[in-house]
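Below: one structure, written as structure tokens.
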Amino acid sequence: MYSKKEISLPQNDIQLNVKTKKKKKYQYIGLVYILPWLIGISVFELFPLLYSFYLSFTDFNIISSPKFIGLSNYVKMFTDDPDFYTSLKVTFYYVLIAVPLKIAFALLVAVLLNFNIKGMGIFRTAYYLPSILGGGIAVAILWRFMFSEDGLINDVLGFFHLPTENWLGNPETSLLTISLLTVWQFGSSMVLFLAGLKQVPSELYEAAKVDGASKIRTFFSVTLPMLTPILLFNIIMQTINAFQEFTAAFVITNGGPLKSTYLYGVMLYENAFTYLKMGYASALSWILFIIILIFTLILFKTSKQWVFYQDER
């Protein structure tokens, strides 16, 4: 005779097996749901990434098959291509100009739009419009006409009897001029700052007011520290975008004059699609990837010193 406990064991095993099968079934359903994403990232991101890494070690001109040449592309880049250093220098200048200006301008506008006044929704929409238009070809062409020697900007300066400038033809002003196009598209950063400003606890402002802090002191001691997580995100994203900038320099100045706007993206495009040096262009893109990775890691590493999170003690 079997005891009641011994009889119940197989039933428990059966229930456990049923639960296990159901769990596996749900796991398979989950995989089916993410299958389109897995296919997309594999076909359109992972495969091109790995293939470009392979091409960076080859001599490939699209027409003929890739020919393996080892590190020759990288050696040529660092030892026998002055344009590489020129484009790198111009790109670093561009990042140093465009990113701080864009972040500062976005923060300034966000602070102004945080005031509770009548019709503020209309102002917020109007300020976000440049980001909706984006940095496309049409906007870049418009920018070129505005800053040309006989463009709108010089017409306005001439109307007020101020000295005019050949903004795009002068190597000293051309890079700053195309940087302003990036600054003009501050909408996405501004919206994030505005959302952050709404989350700052009012108790902190009341405490600062009781302590007699001025508005400027309150901004630097309360508002700005509370916005540092968003500031970090914006700096990282805008730095990555600035290193990859291409449209403005290509459409407005085509890298000129005297290669003063010869950004890394323009050089990469020329090698890939003008000279059909796909292997060399792939090597250039991997160097750019490493540069962006280093800057991002530095920003994350230093963030412990200046980024404040509310849940930290």
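The values are calculated or read from the model by the stated rules, or taken from the named source; none is laboratory data. Note that this is a predicted model, so its numbers are computed, not measured. All Cβ positions, even for glycine, are placed from backbone atoms using ideal geometry, and neighbour counts span all protein chains on display. What goes into the accessible areas is simple: the full protein's heavy atoms, side chains included, and nothing from ligands, DNA or RNA. Shrake-Rupley method; radii C 1.70, N 1.55, O 1.52, S 1.80 Å.
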Check your understanding: Expressed in nm to one decimal, what extension gain is obtained for the pair Phe289 and Tyr275 from 0.36 nm per residue of sequence separation less their Cα-Cα distance?
Key -> 2.9 nm
**Study point:** Amide H partners (placed H, <5 Å) of Asn114, local residues excluded
**Key:** none
Revision key, fill the gap. Highest GNM mean-square fluctuation among Thr20, Thr125, Thr218, for the chain with Cα springs under 10 Å, belongs to Thr20
Exercise for review: Please give the length that would be gained between Val200 and Thr228 if that part of the chain were fully extended, namely 0.36 nm times their separation in residues minus their C-alpha to C-alpha distance (nm, one decimal).
Suggested key: 8.9 nm
Practice item. Heavy atoms only, probe 1.4 Å: what % of the accessible area of the range 177-252 goes to carbon and sulfur, would you let me know? Key: 65 percent
Practice item. Could you tell me the convex hull volume per residue, in Å³, taken over the Cα atoms of the range 71-222? Key: 209 Å³
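So for the chain, Kirkwood radius off the Cα pairs, Stokes-Einstein at 4 °C and 1.567 mPa s: how many µm² s⁻¹?
Values: Rh = 24.2 Å.
Here the translational diffusion coefficient equals 54 µm²/s.
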Point to revise | Most mobile of Ala242, Ala213, Ala110 in a GNM of the chain (Cα contacts under 10 Å) | key: Ala213
Exercise for review: Using a 1.4 Å probe and ignoring any ligands, DNA or RNA, find the accessible area of Asp211 and quote it in Å² to the nearest 10.
Suggested key: 130 Å²
Exercise for review: State the three equivalent ellipsoid semi-axes of the range 191-313, derived from the C-alpha gyration tensor as the square roots of 5 times its eigenvalues, in descending order and whole Å.
Suggested key: 43, 17, 10
Review point. Long-range amide H contacts for Lys259: which residues qualify at under 5 Å (H placed 1.01 Å from N, peptide plane, sequence gap of 5 or more or a different chain)?
Key: none
Practice item. Please check the chain for the longest run free of GluC sites (Glu not before Pro) that are loop-located per DSSP (anything but H, G, I, E, B) and have at most 15 other Cβ atoms within 10 Å. Key: 150-311
Review point. What does the accessible area per residue of the range 56-160 come to in Å², with a 1.4 Å probe and no ligands, DNA or RNA counted?
Key: 62 Å²
Check your understanding: How much space per residue, in cubic angstrom, does the convex hull of the C-alpha atoms of the range 89-173 take up?
Key -> 141 Å³
Point to revise | Tyr93 versus Asp155: modelled label distance in nm, points set 7 Å from Cα along the beta carbon direction | key: 3.0 nm
Practice item. Would you kindly derive the ³J(HN,Hα) couplings of the range 200-210 from the backbone phi angles with the Karplus curve 6.51 cos²θ - 1.76 cosθ + 1.60 (θ = phi - 60°), listing them in order in whole Hz, with x for Gly and Pro? Key: 6, x, 5, 4, 5, 5, 5, 5, 5, 5, 4
Review point. Hey, in the GNM for the chain with a 10 angstrom Cα cutoff, which one of Tyr93, Tyr269, Tyr205 fluctuates hardest?
Key: Tyr205
Revision key, fill the gap. In whole Hz, the Karplus estimates of ³J(HN,Hα) for the range 249-262 (6.51, -1.76, 1.60; θ = phi - 60°; x where Gly or Pro) are 5, 6, 7, 7, 10, 6, x, x, x, 6, 6, 6, 10, 7
**Study point:** Probe 1.4 Å, accessible area per residue of the range 162-313, Å²
**Key:** 53 Å²
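Once neighbouring chains are kept in place and the probe is 1.4 Å, which whole percent of the accessible area of the range 255-313 is contributed by carbon and sulfur?
About 67 percent, which is the carbon plus sulfur part of the accessible surface.
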Check your understanding: HN-Hα J couplings of the range 112-117 from phi, Karplus 6.51/-1.76/1.60, θ = phi - 60°, integer Hz, Gly and Pro as x?
Key -> 5, 7, 7, 6, 8, 10
Practice item. With r as the distance between the Cβ atoms of Val210 and Ile41 and R0 = 41 Å, compute the FRET efficiency 1/(1 + (r/R0)^6) and round to 0.05. Key: 0.20
Check your understanding: Amide H neighbours of Thr58 under 5 Å, counting only residues 5+ apart in sequence or on other chains, H built in-plane at 1.01 Å?
Key -> Ile69
Review point. Under a plain spin-label model, where a point goes 7 Å from the Cα along Cα-to-Cβ, how far apart in nm are Leu299 and Leu49?
Key: 1.8 nm
Practice item. Would you give the gap between the C-alpha center of the range 271-300 and the C-alpha center of the range 204-257, rounded to a whole Å? Key: 26 Å
